[in-house]
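*Asks:* Before I ask anything, let me first share the structure, which is written out below as structure tokens.
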Amino acid sequence: MSGGFVFSEKPIEIESGEGAYLYGEDGTEYLDFGASYAVATLGHAHPAVTEAVQEQAARLTYVQASYPVSVRTDLYEKLAALGPGDIDNVWLCNSGTEANEAAMKFARSATGREKIVATKRGFHGRTLGALAMTWKDKYKKPFEPLAGGVEFVPYGDSEALAEAVDEETAALFLEPVQGEGGIHPASAEYLEHAREVTDEAGAALVFDEIQTGVGRTGDLWACDGVGVEPDILTAAKGIANGLPLGTTLVADWIAENPGDHGSTFSGGPVVAAAANATLDTVVDEDVPANAAHVGEYLRSELEAAVEEHDLPVREVRGVGLMIGIQVKRGANRVLKNLALSEQVLALPAGRTVVRLLPPLIIDETHADQFVDSLVEVLG
């Protein structure tokens, strides 16, 4: 059995990367508009992250989280300060699905309830707890039975939320922008209503910002852009610019009774160093503002190209540098042609959506290159 048997490998072997580009073993340059599912926030081989990792690895690779280490303490304090509103209790782990598992456990412990409300088209991870809150059967069926007590409602339907979230509900899990579900941003009104119904029921409002967080939507957190503060926020992917890190930020009332939870590799020093460098750069260089500006430019150029060239595109949607292009033909065929004929890499979000999650440091020149390549493939 080969080591990569759970992944379908691409016909491109990557050797190195720099900024918004990846390089094949033969030297071929690829414009990376997927950032490995939003992981490479600052692009590849960012010097600040590289330096922080090298210095920390030379000093201390790992010691478990019950021993204070300054680099990990710095990360706790940084995340507490950067979290939305008063969410300043920090749990560190290794991935987004672990962050959501922790959120699920914390909410159930703090409320003493079991029921979880999640949304159709939602995606929260592949471990058994997070998978139970994920909508698509193709992810779940082979592994059932999963954790019980999960009820699904249509995304964006405020009336359905009001009916589902009740006094038996521990938590409502929402993505401010659905990623795997096809790039569907929630309205501010919908998220405000979610805050109201969870408050009334005494349930925790959980925002899954695994993909939207760390500046991708034009704000540090997507919830900042709509002014709605959750009780729990989960983040991962781009938080350490390529190293595995997840975090669960929780309000005081959750932290008072989180239950017993742990992780051997919680906030390893090398990963913490990468995260500190990433977050410092994101804040100091106002990377979210760049994501907002270039994202708006890219969407407008895509819409203009669709009209000018009569491209087979049904809709361009998204926020910041989290963009979905719903095509009339299969998304996977479009992505294959982009990669092999145009040397541009992007991602699918379902069968008909081309998903763009480029590094947040791209500029208008990179956006133009992508639009030109898409016109060549679809035109």
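The values are calculated or read from the model by the stated rules, or taken from the named source; none is laboratory data. No experiment lies behind these values; they were computed from the predicted model shown. Note that each Cβ is placed from the backbone with ideal geometry, even for glycine, and that neighbours are counted across all protein chains shown. Heads up: the accessible areas ignore ligands, DNA and RNA and are worked out on the full protein's heavy atoms, side chains in. Shrake-Rupley method; radii C 1.70, N 1.55, O 1.52, S 1.80 Å.
*Asks:* List every residue pair whose Cβ atoms lie under 6 Å apart, where the two residues are 6 or more positions apart in sequence or sit on different chains, the first residue falls within segment 118-135 and is under 18 Å from T212 (Cβ atoms), and the second residue, located anywhere, is polar (S, T, N, Q).
*Replies:* R121/Q178; F123/T134; H124/N100; H124/T134; G125/T97; G125/N100; A130/T97; A130/N100
*Asks:* Checking V313 against (1) open to solvent by 20 Å² or more (accessible area, probe 1.4 Å); (2) farther than 22 Å from I12 by Cα, which test does it fail?
*Replies:* (1)
*Asks:* Let me ask something else. Restricting to segment 297-314, name every residue that is of a type in the set (D, E, K, R), in a helix (DSSP H, G or I) and either free of Cβ contacts under 8 Å to residues at least 12 places away in the same chain or touching a Cys at 6+ places or on another chain (Cβ under 8 Å) (or both). I'd like the intermediate steps shown before the answer.
*Replies:* Step one: of segment 297-314, the residues of a type in the set (D, E, K, R) are 299, 301, 303, 307-308, 310, 314.
Next, from what is left, pick out any that are in a helix (DSSP H, G or I): 299, 301, 303, 307-308.
E307, E308, listed by residue number.
*Asks:* Looking only at residues in segment 141-156 that are at negative phi and in contact (Cβ under 8 Å) with a residue 24 or more places away in the chain, which one is most open to solvent (accessible area, probe 1.4 Å)?
*Replies:* Step one: of segment 141-156, the residues at negative phi are 141-148, 150-155.
Now drop any that are not in contact (Cβ under 8 Å) with a residue 24 or more places away in the chain, which leaves 147-148, 150-155.
Values: A147: 41, G148: 39, V150: 39, E151: 74, F152: 49, V153: 6, P154: 49, Y155: 36 Å².
It comes out as E151.
*Asks:* When residues of segment 185-218 are filtered for being over 21 Å from the mean Cα position of the chain (by Cα), part of a loop (DSSP other than H, G, I, E, B) and not aliphatic (A, V, I, L, M), how many remain?
*Replies:* Qualifying residue count, segment 185-218: 1.
*Asks:* Tell me which helices (runs of 4 or more DSSP H) are completely within segment 30-122 and hold 1 or more residues being among the aromatic types (F, W, Y) and open to solvent by 40 Å² or more (accessible area, probe 1.4 Å), or say none if there are none. Spell out how you get there, then give the answer.
*Replies:* On the way: elements: 35-38, 47-59, 70-82, 96-111.
Hits in segment 30-122: 35-38, 70-82.
*Asks:* Examine segment 324-344 for a residue that is outside any helix (DSSP H, G or I), over 21 Å from S36 (Cβ atoms) and open to solvent by 60 Å² or more (accessible area, probe 1.4 Å), and state whether such a residue exists.
*Replies:* Of segment 324-344, the ones outside any helix (DSSP H, G or I) are 324-330, 343-344.
Filter once more, keeping what is over 21 Å from S36 (Cβ atoms): 326-330.
Next cut, open to solvent by 60 Å² or more (accessible area, probe 1.4 Å) only: 328-329.
So far as segment 324-344 goes, yes, one or more of its residues are outside any helix (DSSP H, G or I), over 21 Å from S36 (Cβ atoms) and open to solvent by 60 Å² or more (accessible area, probe 1.4 Å).
*Asks:* For segment 273-293, name all the residues that are assigned to a helix (DSSP H, G or I), open to solvent by 10 Å² or more (accessible area, probe 1.4 Å) and farther than 17 Å from S70 by Cβ.
*Replies:* Matches in segment 273-293: T281, V283, D284, P288, A289, N290, A292, H293.
*Asks:* Need pairs with beta-carbon distance below 7 Å; first residue among the hydroxyl-bearing types (S, T, Y) and within segment 161-174, second assigned to a strand (DSSP E or B); sequence gap 6+ or separate chains.
*Replies:* Listed pairs, sorted by first residue: T169/K115; T169/V117.
*Asks:* Can you give me the number of residues within segment 229-249 that are open to solvent by less than 10 Å² (accessible area, probe 1.4 Å) and either under 16 Å from K78 (Cβ atoms) or of a type in the set (V, I, T) (or both)?
*Replies:* The first filter runs over segment 229-249 and keeps only residues open to solvent by less than 10 Å² (accessible area, probe 1.4 Å), leaving 230, 232-236, 238-240, 245-249.
Within this subset, residues satisfying the condition of being either under 16 Å from K78 (Cβ atoms) or of a type in the set (V, I, T) (or both) are 232-236, 238-240, 245-249.
Here the count works out to 13.
*Asks:* Residues that are surrounded by fewer than 23 Cβ atoms within 10 Å (Cβ to Cβ), among the acidic types (D, E), touching a Gly at 6+ places or on another chain (Cβ under 8 Å) and closer than 21 Å to F106 by Cβ: does segment 175-198 have at least one?
*Replies:* No.
Here is a yes/no grid of residues against (1) within 24 Å of R108 (Cα to Cα); (2) in contact with a His (Cβ under 6 Å, 6 or more places away or on another chain); (3) among the aromatic types (F, W, Y):
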position: G218; (1), (2), (3): no, no, no
position: A222; (1), (2), (3): no, no, no
position: G225; (1), (2), (3): no, no, no
position: T234; (1), (2), (3): yes, no, no
position: L245; (1), (2), (3): yes, no, no
position: T248; (1), (2), (3): yes, no, no
position: W253; (1), (2), (3): yes, no, yes
position: G259; (1), (2), (3): yes, no, no
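*Asks:* Before we move on, is N257 over 30 Å from L378 (Cβ atoms), open to solvent by 10 Å² or more (accessible area, probe 1.4 Å), of a type outside the set (D, E) and part of a helix (DSSP H, G or I)? Give the steps one after another, and end with the answer.
*Replies:* Details: over 30 Å from L378 (Cβ atoms): yes; open to solvent by 10 Å² or more (accessible area, probe 1.4 Å): yes; of a type outside the set (D, E): yes; part of a helix (DSSP H, G or I): no.
No; evaluated as a whole, the condition is false for this residue.
*Asks:* Limited to segment 176-197, what total is found for residues that are of a type in the set (D, E) and within 15 Å of V153 (Cα to Cα)?
*Replies:* 0
*Asks:* Determine which member of the set T234, T169 is closer than 29 Å to D284 by Cβ and among the hydroxyl-bearing types (S, T, Y). Give the steps one after another, and end with the answer.
*Replies:* Numbers: T169 fails: closer than 29 Å to D284 by Cβ.
Among T234, T169, only T234 is closer than 29 Å to D284 by Cβ and among the hydroxyl-bearing types (S, T, Y).
*Asks:* Moving on to the next point. Do any residues in segment 329-342 that are in contact (Cβ under 8 Å) with a residue 12 or more places away in the chain have Cβ atoms under 8 Å from those of residues that are open to solvent by 90 Å² or more (accessible area, probe 1.4 Å), where the two are at least six apart or on different chains, and which pairs are they?
*Replies:* Listed pairs, sorted by first residue: G330/R351; A331/R351; N332/R351; A339/K10; L340/P11; S341/E376; E342/E376.
*Asks:* Quick one: how many residues across segment 157-183 are closer than 13 Å to V117 by Cβ and part of a strand (DSSP E or B)?
*Replies:* Of the residues in segment 157-183, 6 are closer than 13 Å to V117 by Cβ and part of a strand (DSSP E or B).
*Asks:* Before we move on, is D260 at positive phi and without any contact (Cβ under 8 Å) to a residue 24 or more places away in the chain? Full working, then the answer.
*Replies:* Details: at positive phi: no; without any contact (Cβ under 8 Å) to a residue 24 or more places away in the chain: yes.
So D260 fails the test.
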